[in-house]
Ligand code: ADP
Ligand code: ZN
């Protein structure tokens, strides 16, 4: 069978919805359907059946975390200590691998999105890149030398410490940290700080100056720690395109000339929007499935 004819399954397992898709290795999505994330008992059998009836040759799963992504671990593919209590300890990957009997690739939602961008999107052809989603939470997927970074568990760069901007006494929404990036700058934090959903604050320049500052602190830290060749910023909050020039300018200011690289001299091509039309997660799952075959 030609590669183009092999049907691959993709599952974006999110905290509020599960997106299932069937597609091919070239990144064509043939069919997709979303299901609400209830409990594992209520949700998983229907999803397994969905893929079973479509005869996929392999499946790629991008899961919400924290989750075990080390293939050598006994609990590979399990959801760990999530606030979504019903999912704690759920052997998510096994639920599909055992029933479908096909190879199943498994990684975090943001690592998978990073893979999607590196294969089909804004980082096509790059082996070292970072994808960040700024949405309900903030999370970063990291590719180093062509491999998605796992390490001890997996990066949780969304919770990096940020320095409060002078005069910003706004609340940090994270229950674990006094001033972490997610707590200060994710969508719900913007709403808490300014009293309106982020999408209704378009005209308020001070909102985006402040948001851009925290995201620039993040970009600086990502550059210093991972040395990516490009950074992709996605997620709902980045629909505010006016953020990009602010983040780029402030990132260079924070770096203070410490890192010199040609990539940073063309900052508009270095910190960029997602390039998969919002499909980086699903396309990354397809690539993960292809690699699992
Ligand atoms: P999730 O992170 O849950 O997968 P999203 O990436 O869509 O989903 O992020 C949702 C968050 O993004 C919400 O907090 C919302 O306020 C914010 N958001 C969604 N659309 C916009 C927009 N157009 N402008 C600014 N913020 C937005
Ligand atoms: Zn935090």
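Quick check: Cα centre of region 73-107 to Cα centre of region 208-223, how many Å?
If we compute the Cα centre of each part, the gap is 33 Å.
Label 7 Å along Cα→Cβ of residue 163; region 184-216 residues with amide nitrogen under 15 Å?
213-216
For a quick protection proxy, order the peptides 177-188, 54-65 by their average other-Cβ count within 10 Å, most packed first.
54-65, 177-188
Just rank 176, 122, 34, 189, fewest to most, by other beta-carbon atoms within 10 angstrom.
The order, fewest Cβ neighbours first, is 176, 34, 122, 189.
Size of region 124-273 along its principal axes in angstrom, Cα-based, largest extent first?
So the three principal-axis extents are 42, 34, 26 Å.
Pull out a ≥ b ≥ c, the square roots of the eigenvalues of the alpha-carbon gyration tensor of region 172-255, then state rounded if a/c is under 1.5, prolate if not and a/b is larger than b/c, and oblate in the remaining case. Display every interim value, and only then the final one.
Working: a/c = 1.96, a/b = 1.32, b/c = 1.49.
Since a/c reaches 1.5 but b/c is at least a/b, the shape of region 172-255 is classed as oblate.
Under 8 Å for C-alpha pairs, at least 6 residues apart: give me the relative contact order for region 48-199, rounded to a whole percent. Kindly include the intermediate steps, with their values, before the conclusion.
Details: 259 pairs, mean separation 24.3, N = 152.
This gives 16 percent for region 48-199.
Label region 58-144 by shape, choosing from rounded, prolate and oblate, from the square roots a ≥ b ≥ c of the eigenvalues of the Cα gyration tensor; if a/c is under 1.5 it is rounded, and otherwise prolate applies when a/b is larger than b/c, oblate when it is not. Could the numbers behind the result be given before it?
Working: a/c = 2.28, a/b = 1.39, b/c = 1.64.
Oblate, because a/c is 1.5 or more while a/b does not exceed b/c.
Tell me the label-point distance for the pair residue 75, residue 31, using the 7 Å Cα-to-Cβ offset, in nm and rounded to one decimal.
Going from the residue 75 label point to the residue 31 one covers 3.5 nm.
Bear in mind that the values in this text are calculations on the coordinates, not laboratory data. Just so it is clear, the model here is predicted, and its values are computed rather than measured. Heads up, the Cβs are rebuilt from the backbone with ideal geometry, glycines too, and the neighbour counts pull from every protein chain shown.
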